[in-house]
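First comes the structure, then the notes that go with it.
Read-outs: derived from the displayed coordinates by stated rules, not from any lab. As the structure is a prediction and not an experimental result, all values here were calculated from the model. Methodologically, a virtual Cβ is constructed for each residue, glycine included, from the backbone with ideal geometry; neighbour enumeration extends over all protein chains shown.
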Amino acid sequence: ADKAVEAFNSSYNLNINKENIMENLVNEINMPPPINEMAKLSINDKCMGMKRNKTPCSNKCIPGHVYCGTHLRTEGKNPLQEHVKMISIKYKYEVTANTVSLGNEWITQNKTQMNPNDRVKWPLEIKTNSKLFNSYILFFTEFPCYFGAGILVIQYLSSDKKESYYMATHYVEVNEYGEEFQSNSYAKMSLKSIASLKDKPIFNKIKSFLAEYGIPYNINDINKRVSISTENNPVVVYNNINKIIDAHYNIMYFSYEAYINSNISNITIDNEETFRNSLSEECRKEYENSEYMTCLPAITLSNYKNSCSDFKSEKCQNFYNDPLKYYPACKDLPNFSELYQPMIIKSVLQTYNALCQMDENGELCPFSLYLMTNSIGIEGNDVLQEQCKSKKCTESLLKIYKDVNIDQYATLENTSHTTGHYIYQELNINKT
């Protein structure tokens, strides 16, 4: 029995003992898992929704969800990272589950049956080519980084944002994989459909974990909630995803570099619409009509000359020194003051400095151009080599990175307005 447990732990990246397995097996015999019903769990009693007057909803959640019947239409509207973080804050979880995005191109573009004799690594890259779908891995909380065991979650959001859903489909194990005598390394994902595990002890773990975050796994339950009759219907999508994964023998390979670069340091400010909706009406009007909005631009290749000029202006430099002073109706709101705290502003300014670097000829430095265009297929080392051809570009980038400190990472990761995680190895890159 001990050897069997050891093999099981090794295969599933878990840490359980024989007694726990036997207890689960007894429970499985006495209480068979539900097949056609959602788990009747009510770990979270109160709905996550907000009333129109911006006060929290006090209704009880529907079992297996974190919303009541009135607010269930909200489910699936936010990126999974935001959803998980909001729940963790609302219910005061000690540990927040980590998420990674896998994009959606593997869903929308690849439906080709593979030859079992082929040794093709698929899909390699993480790309998003549609706003309707996204896919994620929601890791069990004992795996705080980007490898280990978790659940594949699909998100759908219609173009008019009226219909949406989350759908948990597969149990996933992610491991770093390298081939002998080759330098390539991958994030290898082994998948098993949740439906195929309903007679296994791990199903209870999956069921409880998903209930904590209100992620449904019963496709019929999801289908009853939405009214989609197109190819985006959850039953149709579920069947297509199963076909795609089955066609690749339940294994996905992502380039290690693509996987890491797409997710680690993916600290992003929650979307502007969510932020504005969280403000009082008086604050929102003040914020939207402020003349200092030009000091916080989204710098792109088409506007960088004007935006970088605004960023460097005396007016904006004074604003950065004490931004809350310019928003009297907002400064006492916790969610607003948190976003405009000095450490966050410092990080924003470092980003602007990185985007607005100019060489000796007044042209954008290679690294700035790389950031603006998010160039696909260009290696970071190649960009840095080009950057180092200019003394001015080299010195400006070194100055930016030397000014970064670990407290900024902690602030960015822990604020309620951001999603994503850093890991120790990645933080050290900035110091080498």
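Between Ser229 and Thr141, the simple label model (points 7 Å from Cα in the Cβ direction) yields a spacing of 4.3 nm. Using a simple spin-label model with pseudo-atoms 7 Å out from Cα toward Cβ, Asp403 and Ala298 lie 2.5 nm apart. Computed about the Cα centre, the dipole magnitude for the stretch 33-263 is approximately 1100 debye when only Lys and Arg (+1) and Asp and Glu (-1) carry charge, each at its Cβ.
How far apart, in nm, are two points set 7 Å out from the Cα along the Cα-to-Cβ line at Met50 and at Ser196? Taking the two extended label points, one gets 4.2 nm.
Work out, step by step, the length gained on full extension between Asn335 and Thr70: first 0.36 nm times the residue separation, then minus their alpha carbon distance; give nm to one decimal.
Between Asn335 and Thr70, full extension yields an extra 92.9 nm.
Projecting the Cα atoms of Tyr146, Ser159, Asn129 onto the dipole axis of the stretch 119-161, where Lys and Arg carry +1 and Asp and Glu carry -1 at the beta carbon, places Asn129 farthest toward the positive end. Fewest neighbouring Cβ atoms within 10 Å first, the residues Met86, Met189 line up as Met86, Met189.
Within 10 Å, count the other beta carbons around each residue, average over each peptide in 126-134, 100-108, and list them highest first.
The densest-packed peptide leads the list: 100-108, 126-134.
Taking the Cα centre of the stretch 122-252 as reference, the dipole from Cβ charges on Lys and Arg (+1) and Asp and Glu (-1) amounts to some 480 debye. Extension gain for the segment Glu176 to Lys131, taken as residue separation times 0.36 nm less the Cα-Cα distance, is 13.3 nm to one decimal.
Extension gain, Ser185 to Ser313: 0.36 nm times the residue separation minus the Cα-Cα distance gives 41.5 nm.
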